[in-house]
Amino acid sequence: MNALSDVLSQGAQMSLVLGVAPLLTGFVRKVKARLLRRRGPPLLQPYRDLIRLMRKDVVLADNASWLFRVIPYLIFAGTWVAASLVPTFGNGLLFSWTADLIAIIALLGSARFFQALAGMDVGTAFGGIGSSREVMIASLAEPAMLITVFSVAMIAGSTQLPNVAEFMGSDAVGLRVSLGMAFVALTIVALAENARIPVDNPATHLELTMVHEAMVLEYSGRHLALIDLSSHLKLLLYVSLIACVFLPWGTATADAGVGRLVFGALLYFGKLAGLGFLLAVFETSIAKMRVFRIPEFLGAALMLALLATLLRFVSGSL
Amino acid sequence: MSSLQFDIAHLLAGCLVLASFMMLYQDRLYALLNVYALHASVLALSVAWQAYVQQAPHLYVTALIALVFKAIIIPVALHRIIKRLGIHREIENVIGIGLTMMAGIGLVALSMVVMLRVTPSADALAREDLAFALSVVLLGLLIMVTRRNAVSQVVGFMSLENGLVLAATGAKGMPLVVEISVAFSVLIAFIVIGVFLFRIRERFDSVDVQELDRFRGERR
């Protein structure tokens, strides 16, 4: 019975993140459109796009290598596994012992590595530009993310996400300035990693400043569908990571019944909607940065994360 | 002392360090002044919290001085000076922001290592305050070193003084007389610097202090 329910809840989690991810993207797009007083595409448009892309034939460049064909599956697998490791509605999942923050960063990092390779594989100029910029952003965002994780882990005493969430939900946290800084740093990293507005514009396809879209320009058909789905998943991952670490209330504990799990899931949807709404408001109220200002923006995240760690050292050593 | 009291003191002092970093990051003069006003307000809050924790009513006066002089009068006066000098649109940078930030982080780490080593017997609140105060002082010095514009050097100097006040309130039993005299000497320094600013500009048509180096005949 126990093993069965464990497998069931883990499966529910995995299919939940996969099913909800396009909805979150659709929701953010819809809110953005409404804020600009446009009607916007329907909420389910990302699903329709994915289905349409799945049906279409793949067009491959003549000089595309086998790597080019394999990479969409690698990216999708890595991102999906990473996204399903983040606790969403409940903490006590079967694989929660693997839900380590550093493992999640490593999965995302390898997905990004393959994506950058794919951008350069066909040999178009756009792909090369996209890859080089993506790697430039990553080289700043990843250290910031890692140091943020360190400061959170120093406070919570663990890099395992379920333990972190449990600690953050308890009264032992207190009032910590380090957590505030870590939150801001993580938000900046999330914006950069998901190609959201101050760093990259997710709504354009042909622009000289684009980063993510430039890398995937050569993909079509089901490959493109998989890559799009992975970027939806990545957005969901970061939003649920922020929700899990900084808004951990209401997540079901390990021994919770079905009612608690359902409650946790409902609350999780509420958190997703709230954070998605905030993201849309932020994106409509700010302009895109020049590419050469991005290092400063991400440098601020790195600085905040370092400062959070240092401040934690002071209060921890007293 | 309960842990919540310590946490709030830690929060406010940490915010002060953060505000110092924001000043280091700003390259526009008006924004720099606004951040300085924020810096001084956070200082006032922090001092008021110390007054509450230590139950020392004279520290409330210190907080009031910080709020009125440093958060309101000095920024407004500097605003007017900038307007009269006509330099409000200038952007300045000596070395890159990234390098400055790294240097700042290094200074904060240094001050924490130093302060936590040398004060093992003091109580937690004072140690923590001293560590942050030293980093605010060092960051103020860093601002003064990395800026060319005389007005932003003044702002760096003022933020350095904020760090001194933080240190002084953390150590119990600073008499009010000292605090008032420090506040007034800073105000007088401010006025003198203000006069100098105009003299510098009359002479060199700029408040870039590199002109002074050139005038002294130093090679660059």
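Here is how the numbers come out for the structure above:
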| quantity | calculated |
| --- | --- |
| Residue check, A:Ile155 within 14 Å of chain B (Cβ to nearest Cβ), touching a Ser or Thr at 6+ places or on another chain (Cβ under 7 Å) and more than 21 Å from A:Val70 (Cβ to Cβ) | yes |
| Of the criteria (1) more than 19 Å from the chain's Cα centre (by Cα); (2) buried (at least 24 other Cβ atoms within 10 Å of the Cβ); (3) at pLDDT below 90, which one A:Phe89 fails | (1) |
| In segment B:117-161, the residues that are among the aliphatic types (A, V, I, L, M), in contact with a helix residue (DSSP H, G or I) (Cβ under 7 Å, 6 or more places away or on another chain) and over 26 Å from B:Leu99 (Cβ atoms) | B:Ala124, B:Leu125, B:Ala126, B:Leu130 |
| Enumeration of residues in segment A:245-271 that are touching a Leu at 6+ places or on another chain (Cβ under 6 Å) and either in a helix (DSSP H, G or I) or free of Cβ contacts under 8 Å to residues at least 60 places away in the same chain (or both) | A:Gly250, A:Lys271 |
| Enumeration of residues in segment B:176-216 that are closer than 30 Å to B:Ala13 by Cβ and touching a residue at least 24 places away in the same chain (Cβ under 8 Å) | B:Leu176, B:Glu179, B:Ile180, B:Ala183, B:Val186, B:Leu187, B:Ala189, B:Phe190, B:Ile193, B:Gly194 |
| Boolean, B:Ala13 is at pLDDT below 90, within 12 Å of another protein chain (Cβ to nearest Cβ) and assigned to a helix (DSSP H, G or I) | yes |
| Count of segment A:158-178 residues which are facing chain B (nearest Cβ under 10 Å) and not small (Gly, Ala, Ser) | 4 |
| Residue in segment A:98-106 that is crowded, with 22+ Cβ neighbours inside 10 Å and closer than 22 Å to A:Gly316 by Cα present | yes |
| Number of positions in segment B:130-177 that are within 14 Å of chain A (Cβ to nearest Cβ) and either in contact with a strand residue (DSSP E or B) (Cβ under 8 Å, 6 or more places away or on another chain) or modelled with pLDDT under 85 (or both) | 1 |
| Test: B:Leu78 is touching a residue at least 12 places away in the same chain (Cβ under 8 Å) and more than 19 Å from the chain's Cα centre (by Cα) | no |
| Unique residue being at pLDDT 85 or above and either among the hydrophobic types (A, V, I, L, M, F, W, C) or surrounded by fewer than 23 Cβ atoms within 10 Å (Cβ to Cβ) (or both) when the list is A:Leu261, A:Leu318, A:Leu304 | A:Leu304 |
| Which numbered condition B:Phe21 misses (of (1) within 14 Å of another protein chain (Cβ to nearest Cβ); (2) under 16 Å from B:Thr169 (Cα atoms); (3) at pLDDT 85 or above) | (2) |
| Members of segment A:281-297 found to be at the interface with another protein chain (Cβ under 10 Å from one of its Cβ atoms) and at pLDDT 85 or above, listed by number | A:Pro295 |
| Search result, residues across segment B:30-63 that are of a type outside the set (Ser, Thr, Tyr), touching a residue at least 40 places away in the same chain (Cβ under 8 Å) and buried (at least 22 other Cβ atoms within 10 Å of the Cβ) | B:Leu32, B:Leu33, B:His39, B:Ala40, B:Leu43, B:Val47, B:Gln50, B:Leu59 |
| Evaluation of B:Thr169 against (1) of a type in the set (Ser, Thr, Tyr); (2) without any contact (Cβ under 8 Å) to a residue 60 or more places away in the chain; (3) closer than 20 Å to B:Ser46 by Cβ (one fails), failing number | (2) |
| Filtered residues of segment A:16-69 (kept if under 16 Å from A:Leu236 (Cα atoms) and of a type in the set (Ser, Thr, Tyr)) | A:Thr25, A:Tyr47 |
| Long-range neighbours under 8 Å by Cβ, at least six apart or interchain, first residue free of Cβ contacts under 8 Å to residues at least 60 places away in the same chain and within 7 Å of another protein chain (Cβ to nearest Cβ) within segment A:305-318, second among the basic types (Lys, Arg) and assigned to a helix (DSSP H, G or I) | A:Leu318/B:Arg127 |
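This table checks each residue for (1) of a type in the set (Gly, Ala, Ser); (2) over 19 Å from the mean Cα position of the chain (by Cα); (3) on the phi > 0 side of the Ramachandran plot.
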{"position": "A:Asp6", "(1), (2), (3)": "no, yes, no"}
{"position": "A:Gln13", "(1), (2), (3)": "no, no, no"}
{"position": "A:Gly26", "(1), (2), (3)": "yes, no, no"}
{"position": "A:Arg29", "(1), (2), (3)": "no, no, no"}
{"position": "A:Leu43", "(1), (2), (3)": "no, yes, no"}
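The values are calculated or read from the model by the stated rules, or taken from the named source; none is laboratory data. Keep in mind it's a predicted model, so treat the numbers as computed, not measured. We place every Cβ from the backbone using ideal geometry, glycine too, and count neighbours over all the protein chains shown.
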